[in-house]
Amino acid sequence: MAFVNEYISQEDKEKYGLDALWGKYHDASHQKLPNKKDWTIDRERDLADTNSSYS
């Protein structure tokens with residue numbers, strides 16, 4: 001499978017600890033990953049990329 005663009009699911013947020021990772025690099029007003037945040041992921045290789053800005 002190739003990389004695909006999609007919104008990050010709640011299951012993936014929990015699996016990869018994305019809220020904690022996001023909070024580590026953002027100020028107190030943005031401690032959780034925003035809803036509807038998108039990424040590009042290759043599930044076969046377990047690799048992902050996303051823009052780290054809040055918008």
Search result, residues across region 16-52 that are over 11 Å from the mean Cα position of the chain (by Cα) and either part of a loop (DSSP other than H, G, I, E, B) or of a type in the set (D, E, K, R) (or both)
LYS24, TYR25, HIS26, ASP27, GLN31, ASP42, ARG43, GLU44, ARG45, ASP46
Yes or no: LYS13 open to solvent by less than 40 Å² (accessible area, probe 1.4 Å) and either touching an Asp or Glu at 6+ places or on another chain (Cβ under 9 Å) or closer than 20 Å to ALA2 by Cα (or both)?
yes
Within region 1-15, identify whether any single residue is modelled with pLDDT under 85, part of a loop (DSSP other than H, G, I, E, B) and over 13 Å from the mean Cα position of the chain (by Cα), and answer yes or no.
yes
Consider only pairs whose beta carbons are under 7 Å apart and that are at least six residues apart or on different chains; among these, list those whose first residue lies in region 1-25 and is farther than 10 Å from ILE41 by Cβ and whose second residue is hydroxyl-bearing (Ser, Thr, Tyr) and outside any helix (DSSP H, G or I).
TYR25/SER52
Within region 38-55, work out how many residues are touching a Lys or Arg at 6+ places or on another chain (Cβ under 9 Å) and open to solvent by less than 90 Å² (accessible area, probe 1.4 Å).
1
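The values are calculated or read from the model by the stated rules, or taken from the named source; none is laboratory data. This one's a predicted model, so the numbers in the text were calculated from it and none came from an experiment. In this analysis, Cβ positions are derived from the backbone assuming ideal geometry, glycine residues included, and neighbour counts consider all displayed protein chains. Note: areas computed on protein heavy atoms with side chains; ligands, DNA, RNA excluded. Shrake-Rupley method; radii C 1.70, N 1.55, O 1.52, S 1.80 Å.
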